[in-house]
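Worksheet: the structure to be examined is printed underneath.
The values are calculated or read from the model by the stated rules, or taken from the named source; none is laboratory data. Remember, predicted model here, so these are calculated numbers, not experimental data. Every residue, glycine among them, receives a Cβ derived from its backbone with ideal geometry; neighbour counts consider all protein chains shown. Side chains included, ligands, DNA and RNA excluded: accessible areas come from the protein's heavy atoms. Shrake-Rupley method; radii C 1.70, N 1.55, O 1.52, S 1.80 Å.
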Amino acid sequence: MLAEVAKTPSTHAIFVDAGYVHAAAGLLCVGTEDRRAFDLDAEGLIDAFIDKARTIFADSRLLRVYWYDGARRRIHTPEQQAIAELPDVKVRLGNLNASNQQKGVDSLIRSDLESLARHRAISDAALVGGDEDLVSAVEAAQGYGARVHLWGIEAAEGRNQAEALLWEVDSSRTFELDFCRPYVTRRPVTTYENEGEPPPSRDEVRFVGQRIAATWYGERGPAFLAELLPGHPYLPGPVDQDLLIEAERLIGRSLRGHAVLRRSLRDGFWDHLRSRL
């Protein structure tokens, strides 16, 4: 019986918190956590993680890579769909709230880690993340005999992984700038300024705000309004920035430096949302 167990090949899986990867790699390589400012070559990075795991777990086979991300109503974006179509990759989606914060991702990681460890489907787990909430996932997997190895991305400054998480794992490894740089590319800055043309009127900008609110409400539903309403008349920073970018795209010129017009944009945005009450 012991001989049979010894001959059983070990299996590993890689668990990637995409939110952590985007934030850490973006900040390290191009100086920003804002996903809109850079492109991440997820396929290339996943292949690099697989190659690294093949070296570290030399006598083990890969089960698959789990890629955890957030999406409105848990509906795949085109980018997430492309990742899901990669071989040996499973995309698992949490939700995004009105502030573009991921919700439910940590619980998905814990569920998968614990389930795979409990069923002896993996002997080793490479966890790419940094949130302290992942401590319970590590403890659950270890409780069933799996070893958990924390992989992180070099912090641009300070630390981007919780100490409590580092204490719990069986080993840790940090990927430095040279490893990450090939997979992160800054997007070119687009300006929307038409020289010689008069700026749009306040009413025109207010209407654009209403139009954007109608589209977003239709896509995201009443929960979107419920999350924003307590902060009225202010908007969370990420939402306000998304509103500005979308408005500039529709208008075809920049609203930066036009405080009055930006106020009209927000007013129009709130006009429509409050009409839904």
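What to note about this one:
- Breaking point among (1) farther than 22 Å from residue 21 by Cα; (2) outside any helix (DSSP H, G or I); (3) open to solvent by 60 Å² or more (accessible area, probe 1.4 Å), for residue 235: (3)
- Among the conditions (1) open to solvent by 80 Å² or more (accessible area, probe 1.4 Å); (2) within 26 Å of residue 185 (Cα to Cα), the only one that residue 126 does not satisfy is (1).
- Search result, residues across the range 6-49 that are within 24 Å of residue 121 (Cα to Cα), among the polar types (S, T, N, Q) and open to solvent by 20 Å² or more (accessible area, probe 1.4 Å): 8, 10
- Condition check for residue 220: at negative phi and open to solvent by 80 Å² or more (accessible area, probe 1.4 Å): no
- Leading residue by the ranking (most open to solvent (accessible area, probe 1.4 Å)) among those in the range 243-277 that are outside any helix (DSSP H, G or I) and without any contact (Cβ under 8 Å) to a residue 24 or more places away in the chain: 256
- Once the range 53-83 is narrowed to residues that are without any contact (Cβ under 8 Å) to a residue 24 or more places away in the chain and over 26 Å from residue 246 (Cα atoms), the residue that is least open to solvent (accessible area, probe 1.4 Å) is 58.
- Residues of the range 178-215 that turn out to be hydrophobic (A, V, I, L, M, F, W, C) and modelled with pLDDT under 90, as a count: 1
- Close Cβ contacts (under 8 Å, 6 or more residues apart or on different chains) running from residues in the range 125-147 that are farther than 13 Å from residue 106 by Cα to residues that are among the β-branched types (Val, Ile, Thr) comprise 125/14; 125/148; 126/14; 126/56; 141/148; 142/148; 146/122.
- Taking the numbered list (1) over 27 Å from residue 9 (Cα atoms); (2) surrounded by fewer than 16 Cβ atoms within 10 Å (Cβ to Cβ); (3) modelled with pLDDT of 95 or more in turn, residue 103 passes all entries but (3).
- Residue 216 being within 30 Å of residue 53 (Cβ to Cβ), free of Cβ contacts under 8 Å to residues at least 12 places away in the same chain and of a type outside the set (S, T, N, Q): no
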